[in-house]
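Worksheet for the structure shown next.
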Amino acid sequence: MVPRKIRQSPKLPAEKRREQLLGSARRLFTKNGYRETTTEQIALSAGLTKGALYHHFKSKENILFELVKEVTERHFARLDEVLGRAKAPARVLDILLEQSESHSQCSLRDNVDFWIQAMRVPRIKRYLNRRFREMVDRFAGSVDTRYGNKTQRNHLAVFTFSLFHGLRIRNVLDPRVVSLPAQIKLYGELLDSKFGRIASGKGRK
């Protein structure tokens, strides 16, 4: 079989080339998974040569890291926005899940294989753990202080984010068992019983 000849587009700035390659990798990782995608496929899909790919990225792992950062930073920005207008943990969870529902279930955010592979790379794992700790601190410093002291709010942050990620994964694997309104309501009621009737904003000025 004669190899397909690559006809590259006119010369573009380096950043545009990187965007082409990342867009190609994003589509292929979503469709086929990280392990099943090769750098040659990424380059071909982007209309570039394999040499061009290695000019911008040293390895497929580097591409994975860039995509992880892209998804993580976008999520962090949304979290900042949510924490700016929601002081109750149950409401934070509600908004985060509501926003997630607006995205395709086959996106990288919900691609379990993508995240499993990412966490196997030490530097990506360190990056994700660092960003998660920053999210926890941001949450603990933003939610209503009636949810306990700083240590308690830190624990509550970890619990809320873990619940968010767990519900998202379970919704991808088997959406029939996930009833977001019911689970969020239960979470709010549990907080009510622990901290008083404030999870849904009752008693606020």
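Looking at this structure, is Ser9 among the hydroxyl-bearing types (Ser, Thr, Tyr), modelled with pLDDT of 90 or more, outside the structural domain of Arg170 (by TED's automatic domain parsing) and more than 30 Å from Arg153 (Cα to Cα)? When the stated conditions are applied, Ser9 does not pass them. Restricting attention to segment 138-149 and to residues that are more than 19 Å from Ile184 (Cβ to Cβ) and charged (D, E, K, R), the residue that is surrounded by the fewest Cβ atoms within 10 Å (Cβ to Cβ) turns out to be Arg146.
Can you find a residue in segment 117-130 that is more than 30 Å from Gln41 (Cα to Cα) and either under 13 Å from the mean Cα position of the chain (by Cα) or not acidic (Asp, Glu) (or both)? The answer is yes; a qualifying residue exists. Only residues that are under 17 Å from Gly33 (Cα atoms) and assigned to a helix (DSSP H, G or I) were counted in segment 47-69, giving 9.
Here is a yes/no grid of residues against (1) of a type in the set (D, E, K, R); (2) not assigned by TED's automatic domain parsing to the domain that holds Ile95:
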{"site": "Gly23", "(1), (2)": "no, yes"}
{"site": "Leu28", "(1), (2)": "no, yes"}
{"site": "Arg35", "(1), (2)": "yes, yes"}
{"site": "Ile42", "(1), (2)": "no, yes"}
{"site": "Ser45", "(1), (2)": "no, yes"}
{"site": "Thr49", "(1), (2)": "no, yes"}
{"site": "Ala52", "(1), (2)": "no, yes"}
{"site": "Asp80", "(1), (2)": "yes, no"}
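Of all residues assigned to segment 79-88, at least one qualifies as being free of Cβ contacts under 8 Å to residues at least 12 places away in the same chain and assigned to a helix (DSSP H, G or I).
The residues of segment 150-168 that are buried (at least 16 other Cβ atoms within 10 Å of the Cβ) and basic (Lys, Arg), listed by number, are Arg153, Arg168.
The test for being modelled with pLDDT of 90 or more and within 15 Å of Phe114 (Cβ to Cβ) does not hold for Leu44. Sub-7 Å Cβ pairs linking a first residue in segment 148-161 that is part of a helix (DSSP H, G or I) to a second residue that is of a type in the set (Val, Ile, Thr) and surrounded by 16 or more Cβ atoms within 10 Å (Cβ to Cβ), at least 6 apart or interchain, are Arg153/Val143; Asn154/Val136; Ala157/Val136; Val158/Val136; Thr160/Val92, ordered by first then second residue.
Scanning segment 20-46 for residues that are in contact (Cβ under 8 Å) with a residue 60 or more places away in the chain and either of a type in the set (Asp, Glu) or part of a loop (DSSP other than H, G, I, E, B) (or both) returns Gly33, Tyr34, Arg35.
Is it true that Ala86 is at pLDDT below 95 and not assigned by TED's automatic domain parsing to the domain that holds Leu156? Walk me through how you get there before you give the answer.
Numbers: at pLDDT below 95: yes; not assigned by TED's automatic domain parsing to the domain that holds Leu156: no.
For Ala86, the condition - at pLDDT below 95 and not assigned by TED's automatic domain parsing to the domain that holds Leu156 - is not met.
The values are calculated or read from the model by the stated rules, or taken from the named source; none is laboratory data. Predicted, not measured: the structure shown is a model, and the values here were computed from it. Cβ coordinates were reconstructed from backbone atoms using ideal geometry, including for glycine residues, and neighbour counts include every protein chain displayed.
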